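These notes are about the structure you will find just below.
The values are calculated or read from the model by the stated rules, or taken from the named source; none is laboratory data. Remember, predicted model here, so these are calculated numbers, not experimental data. Cβ placement follows ideal geometry from the backbone for every residue including glycine, while neighbour counts extend to all protein chains displayed. Quick note on the areas: whole protein, heavy atoms, side chains included, nothing else; ligands and nucleic acids left out. Shrake-Rupley method; radii C 1.70, N 1.55, O 1.52, S 1.80 Å.
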Number of protein chains: 2
Amino acid sequence: MTTRAEVSRLSLNQRTTALWSLPEAVQGCIDAGLGAIGIWREQLVEVGLDEACRLVAGSGLRVSSLCRGGFFTTADPAEAQGAEASNREAIDEASALNAATLVLVAGGLPQGDRDLKAARERASAAIERLVPYAQEAEVTLGIEPMNPIYAADRGVISTLAQALDIAERFDPADVGVVVDTFHVWWEPGIEDQLQRAGDRIVSYQICDWITPLPADTLLARGMMGDGHVDFAAFTRSVALAGYQGDIEVEIFNADLWAAPPAKVLDQMVERYLDLVQPHLAG
Amino acid sequence: MTTRAEVSRLSLNQRTTALWSLPEAVQGCIDAGLGAIGIWREQLVEVGLDEACRLVAGSGLRVSSLCRGGFFTTADPAEAQGAEASNREAIDEASALNAATLVLVAGGLPQGDRDLKAARERASAAIERLVPYAQEAEVTLGIEPMNPIYAADRGVISTLAQALDIAERFDPADVGVVVDTFHVWWEPGIEDQLQRAGDRIVSYQICDWITPLPADTLLARGMMGDGHVDFAAFTRSVALAGYQGDIEVEIFNADLWAAPPAKVLDQMVERYLDLVQPHLAG
């Protein structure tokens, strides 16, 4: 039997149960005894921020993350201004929801643009411009390095080391890093980088790297235990770095999305208890 | 008009024209005025080593690489012994062909094994065991870091930095690195790593990173210019590092394999002259 204490740090990222609306996902978390939920802006819009805040406050759930801000890499000044406005709005939402972090995805190369270095510099500069606003709102920005499989079209920040190089220019209360096993499980020296990150780890997201990779690489993530990630070792490293926050399950996968969300949540709890929870003591 | 001098450093890796036998590929290179060929062991077997040596010597082509040795990550002692024997044979072949390098692909995680760190250590130890034999045969081993997309199932050495950490334990005449744009184009600080590599770069392989990624990720590579790699900047960095060797086009792609090989070779020459050759002066 699962006890509430055993899953108190487990969080359901809404993307794992994409069929559920926010009210349904909140109820699912309550029913399973989870401690937190990771909320997506796209689904927040459906219920509105005020209603979402009421819903979450009434549920007793923590908001382990708001997904997501970012997409900073455009070279067009007007588009960059639009992105900044959208990110400020996301910061306001994260503040209202009292989210542990606003997850930032850097964005990919603009259409036809091959200057990766310049795109990375634009992402870094855009984060710098956001910091005062986030600070004012008491929101911690979380830079999420993404698997190099997405370097061209989604996220030009590719390693935890690179994310930390940016984050360390700021106060840890203002800018941290999001550690997702799918994105960084392969990174040489990842244990050292997790130690280096220490209290900058603002979110620990879990899902597996599966092979063969599904045809749509955006949906290439697997349930913990179905792939190649060593969750025991990785989780111990995260714990050793001092991370005390929630463990958020975020899985983009067409097969899981086709399954009944409650069953997915059951399986996720089972795998978490089997593969992750025992290693949280470090 | 293409002059022989302009393509004198261009090499056709056999995998780009998979339909061609070795004699056909050699003739294709001669017809196009190329200076070198990259040979695959699988296709070498079809003609035999002696005949291949005669063929290559008669053609005047350099052998820019023999592909490939490696696959070092098994945890089974008998299998590891088999891999070592196969690698010694590959060294003998590389020596007989006077290949610039024997390309080493580390290998992936063994079935059901999630200990990436241990697999990496086994790869590194296996390379160390091979060095004396390679030294004796005057063959330079070339460690090829592979895109993290292959970290689980093909190559656990994921960055040029990581490959150099291993290579630098040995004399540059014995162990170098293979730089393939597809594998490392995204690596943060790649320019610095190429400078660090210097005369350890024993092979410069080119092909493009295309999106969306084809369903079979093993065949996900594109013709130069079809994707996101900045060949001008990358080639200048390779040249600046002091690389004087051949530039080998290695493209695994189902569409290209279905096309007439001579047409693929024509297109590859055209793209090389357009995107790569002008930047070889650094």
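Structure notes:
- Cα gyration tensor shape for chain A, rounded if a/c is under 1.5, else prolate or oblate: rounded
- In chain A, the DSSP-assigned H stretches of four residues or longer account for a calculated mean residue ellipticity at 222 nm of -12500 deg cm²/dmol, using -39500 (n - 2.57) per stretch and the full residue count as denominator.
- Within the listed set A:Gly35, A:Gly48, A:Gly242, the Gaussian network model of chain A (springs between alpha-carbon atoms below 10 Å) gives the highest mean-square fluctuation for A:Gly48.
- Candidates B:Thr101, B:Thr211, B:Thr235: whichever shows maximal mean-square fluctuation once chain B is modelled as a Gaussian network with Cα springs under 10 Å: B:Thr211
- Computed in the context of the full set of protein chains, the accessible area of the protein assembly as shown at 1.4 Å probe radius has 49% of its extent on carbon or sulfur.
- In the assembled protein chains, B:Val156 presents an accessible area of approximately 0 Å² (probe radius 1.4 Å).
- Springs join every pair of Cα atoms under 10 Å in this Gaussian network model of chain A, and among A:Glu42, A:Glu93, A:Glu187 the largest mean-square fluctuation is at A:Glu42.
- Projecting the Cα atoms of A:Val131, A:Leu275, A:Phe182 onto the charge dipole of chain A, computed from C-beta unit charges around the Cα centre, puts A:Leu275 farthest toward the positive end.
- Distance between the 7 Å Cα→Cβ label points at B:Asp171 and A:Ile30: 7.4 nm.
- Distances between copies at B:Gln244, taken between label points 7 Å from Cα along the C-beta direction, are 6.1 nm in increasing order.
- Accessible area expressed per residue, the range A:142-282, with surrounding protein chains retained (probe 1.4 Å, Å²): 32
- Expressed to the nearest 5 percent, the antiparallel share of DSSP beta bridges inside the protein assembly as shown is 5 percent.
- Solvent-accessible surface of the range B:1-86, averaged per residue with a 1.4 angstrom probe and all protein chains in place: 45 square angstrom.
- C-alpha center-to-center spacing [the range A:10-47, the range B:108-122] in angstrom: 35
- A Förster radius of 22 Å, combined with the Cβ-Cβ distance separating A:Glu51 from A:Lys263, puts the computed FRET efficiency at roughly 0.20.
- Where GluC sites (Glu not before Pro) fall in DSSP loop in the range A:134-204, at most 14 other Cβ within 10 Å: A:Glu138, A:Glu168
- For the B-to-A rotation axis, chain B residue with nearest beta carbon and its distance in angstrom: B:Ala215, 2
- Charge sum, other residues only, whose C-beta stays under 14 Å from A:Asp92's C-beta, Lys/Arg counted +1 and Asp/Glu -1: -4
- Backbone N within the range A:10-54 under 18 Å of label point (7 Å from A:Thr3 Cα along the Cβ vector): A:10, A:32-35
- Between B:Glu138 and A:Glu191, the FRET efficiency estimated from the beta carbon spacing at R0 = 60 angstrom works out to 0.95.
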